[in-house]
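Notes follow the structure.
The values are calculated or read from the model by the stated rules, or taken from the named source; none is laboratory data. Just so it is clear, the model here is predicted, and its values are computed rather than measured. Neighbour counts are summed over all protein chains in view; Cβ atoms, including those assigned to glycine, are modelled from backbone coordinates with ideal geometry. SASA here: full protein model, heavy atoms, side chains in, ligands and nucleic acids out. Shrake-Rupley method; radii C 1.70, N 1.55, O 1.52, S 1.80 Å.
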Amino acid sequence: MGLAIAGMHYSGMAATHFRAMAEHSAYPGGSDHLLLAVVVGFITFTCLLIGLIAALLDRYIYELEAAKVAAVAASRAKSEFLATMSHEIRTPMNAIIGLTSLLLQMELAPQQRDFITTIRTSGDALLTIVNDILDFSKIESGKLDLESSAFNLRTCIEECLDLLAARAAEKGLELAYFIDESVQPHLIGDVTRLRQILLNLLSNGVKFTELGEVILRVESTSAPIQDSGSACCLEFSVRDTGVGIPRDRMDRLFQSFSQVDASTTRKYGGTGLGLAISKRLSELMGGRMWVVSSEDGHTANLGGTPPESFAAAPCTGNGSIFYFQIVISLDPNPETSEQQDRPYVLYGKSVLVVDDNATNRQILCHQLRSWNMVPQEADSAKAALKILRSPRLFHLAILDMQMPEVDGLQLAQEIHTNFGPIPLIMLTSMGGVNDLSPAESQLFAAYLTKPVKQVQLYHLLIRLWHHAHPALGSFAPSAMLAPASPQMRILVAEDNRVNQMVAQRLLERIGCQADVVANGEEAVIACEQLPYDLVLMDVQMPVMDGYEATRQLRSRLASQAPIIVAMTANAMQGDRQQCLDAGMDDYISKPVRLEDLSQLIQKWQGFIQVHKYSFSASGEALPVPQSAP
């Protein structure tokens, strides 16, 4: 604008001068002055145009800055709203899930147990919906950051299968996994998000399958990886024998808030966010997700974003295969595997594998061969008895419990009657062993709960040939909680009365007594008066919040400060780190499950008993137990 004003000023002066000159147009050179007037007029017009453009740009930039400020404010308000809603929802959910966990540990009438189980299942379902909405919001706003920590892939997969084993057993489904030998199991990445993808795909497989199996496979791919000095590309596939997906509905699969069955009376329920979140998570991990499905057993329908080199295999029946790839780092310092220490004890041992499910036989035989054992398959009790009548000697037989015509128990009785004391291992679904009488249980050296964990099978076999007596006992997961030390002095800082009661009852269930205070200020005073070992600290409290209370305790008590664990409904991205930055030692989110609280207490009680909590001269905390994977 300044340039335009200067131009107009100069133009005015020039016009006055040229008007005076025009009165003497007869003198020589008058045409030159006319040309100069035209040039100056053009310059003036250009300056005016530039001034106008500058004014428009200034206004546009101002509007952009105002819009940016408004967008940042809206994003901040959205994040604060989500954080508040998450906290407000999780607080009553803590009471629902915590108290139902306690009730399920008590003696109940069948109808009472059924009612409580329904409440607990509904509570878990509601919590899943809340988590899906929060995850989707974080992904959409670009605020979901991936963590990086060392983990074991096999352990991650087996934990996922454990969570779904009971549901699969109720429907009579086979649930299994297979990891190719080329896959390095020791990895560095975000195990929580990988577990989230796997759980979503596996639970969908179990949900939409009424008969057959759900199988997870993991393989390394030859896909090119940029800067892949210590990274690999893994391809996961989850195959089910369910209903399949129609071709005209494939485009709905990975859309937010969309489902294949969008009717109001849809059979399977859900938010329609699970697959959309899983696809975005796989993309954040440098990969992709796609699906091949058939509803008629012949036509393969393709959806998602498969690699260009992908070619779907011919259909052999109804069902779907969900694939996803991720790029992940290899752990340069993998833990030493016990399987490498004593493989010679298994070398050459002959094993009969009896299972009517071909996939289970394939996976078991593959695992046994990897330990230099010699397996032979039988798809029925009749086929197994025929093999046993041959001259071949078997050192062990692995029997599936649920088989048509003749089940595993009847086959075991036949083997003991006619073929001598061959050690037998029974494969059973959740709870199947409870139906056996003591005499029937004596037929087996051990039993394993399906899906079979490779590490459990390996250790069982090692023990079998390192002990004179073949009775090894059960390797099924126990529902009992390990009791905590009653000498631990625990303080609960929580302002909500219902949550105070829930925390006390949960701690009593695992053998601990706790005192309760209603805010951070009371927590500081209590810790100054009594030497508490551990404080379960809520974050949002009146008078003094958990962050400030933690800083006060660290400042006042220094090396005598207790272990401080955040027990909070703040479960948004960054809340855990904020608690740790404030000086807390660990974090557990609400709603608190009995199993999670038991593991946390066990994790810290050994450290408290042996080391206590102390600080170095520099004020830095000494090494503490690492968070559970």
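A few remarks follow.
- Long-range neighbours under 6 Å by Cβ, at least six apart or interchain, first residue in contact (Cβ under 8 Å) with a residue 60 or more places away in the chain within segment 436-458, second buried (at least 20 other Cβ atoms within 10 Å of the Cβ): LYS450/LEU427; LYS450/SER429; PRO451/LEU161; PRO451/LEU175; PRO451/ALA176
- Some residue of segment 474-490 being in contact with a strand residue (DSSP E or B) (Cβ under 9 Å, 6 or more places away or on another chain) and at pLDDT 90 or above: yes
- For segment 526-547, residues that are part of a loop (DSSP other than H, G, I, E, B), of a type in the set (A, V, I, L, M, F, W, C) and more than 16 Å from GLN560 (Cα to Cα) total 4.
- Condition check for GLN540: free of Cβ contacts under 8 Å to residues at least 60 places away in the same chain and either open to solvent by 20 Å² or more (accessible area, probe 1.4 Å) or of a type outside the set (A, V, I, L, M, F, W, C) (or both): no
- Some residue of segment 492-514 being part of a helix (DSSP H, G or I), surrounded by fewer than 23 Cβ atoms within 10 Å (Cβ to Cβ) and of a type in the set (Gly, Ala, Ser): no
- Residue count, segment 377-391 (criterion: open to solvent by 50 Å² or more (accessible area, probe 1.4 Å), touching a residue at least 12 places away in the same chain (Cβ under 8 Å) and more than 37 Å from the chain's Cα centre (by Cα)): 1
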